[in-house]
Amino acid sequence: MDSYEETKIKTANTYNAAAELFDHPANTFWNRFGNSTVERLQLLPGEYVLDVCSGTGASALPAAIKVGPHGKVVAADLAAKLLAEAKIKAETKNLKNIEFRVGDMLSLDYADASFDAVICVFGIFFVPDMAAAVTELWRKVRPGGRLAITTWGENLFEPANSLFWQAVRDERPDLYKGFNPWDRISTPENLGEMLAEAGIHQVEIVTEHALHPLNTPDDWWMLVLGSGYRGTLDQLDPIQLQRVKQSNLSQLQTKSITGIDANVIYAITNKPLS
């Protein structure tokens, strides 16, 4: 099994495990930045949209509302449990113009120029060769259509993030991560260079400096359990997990941390008509 196949399996397992708490009230950032991405795309009624790494629909559902009953959204993700949650929300909103597909964004069988817009929010960095992935997504955009890539900026979830990884390192040094996949494109310059490698040179890149509130230390733990951190936690035994939690949350309380950085970078590009 190659490294990308292993990455896909790990990612799917992590986010399937996190699905139950993905939409916890402490984790409003998914919807916040998904909605913001869709607003920047200025979707029109009747348009066809592909949303990859859809999660529970933070960008796919507002996109479906924007394009209306004569448009369509295809929402794809590796994690079936996340899409199941998205489907429930779509049914609650009576959205009938959205299709859910469990699958890899690099192997969706759509023809060239199939979509008016393609969206990838907080997902492109999971692919080892990001430029190749963007090239594949760009191929699916029709002339005159748009591609939106949203990624995390620098200092994600600090200062709570560093305190979390210190607690993990104290308990299981082998699980400590000094580098995250999104770090590769966490500046406008690095994101622009990656897109240029994919052949995209005319792109609007906007940085949003944001703060995500933590009403209590427990809000941070709900974020940890309902996000990619879950993959690390699931490798701890119950006693280790409890010690990591106690250490992490006690540090948050001692330092009176009530907010964490949630900086975001948006990239929107239009495909030339010819």
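Between ALA26, ALA63, ALA75, the distinction of being of a type outside the set (Asp, Glu), buried (at least 20 other Cβ atoms within 10 Å of the Cβ), in contact with a helix residue (DSSP H, G or I) (Cβ under 6 Å, 6 or more places away or on another chain) and touching a residue at least 60 places away in the same chain (Cβ under 8 Å) belongs to ALA26 only.
Looking at the stretch 190-274, what strands (runs of 3 or more DSSP E) fall wholly within it and have at least 3 residues that are closer than 30 Å to SER114 by Cα?
Details: elements: 204-208, 211-213, 259-261, 264-270.
Hits in the stretch 190-274: 204-208, 264-270.
Within the option set VAL134, VAL118, being open to solvent by less than 70 Å² (accessible area, probe 1.4 Å) and under 21 Å from GLU39 (Cβ atoms) holds for one residue only, VAL118. Looking at LEU211, LEU163, LEU147, LEU225, just one residue is of a type in the set (A, V, I, L, M), in contact (Cβ under 8 Å) with a residue 40 or more places away in the chain and open to solvent by less than 20 Å² (accessible area, probe 1.4 Å), and that residue is LEU147.
The values are calculated or read from the model by the stated rules, or taken from the named source; none is laboratory data. What you see is a predicted model, and the numbers here were worked out from it, not measured in a lab. Cβ coordinates were reconstructed from backbone atoms using ideal geometry, including for glycine residues, and neighbour counts include every protein chain displayed. Ligands, DNA and RNA are excluded from the accessible area calculation, which covers all protein heavy atoms including side chains. Shrake-Rupley method; radii C 1.70, N 1.55, O 1.52, S 1.80 Å.
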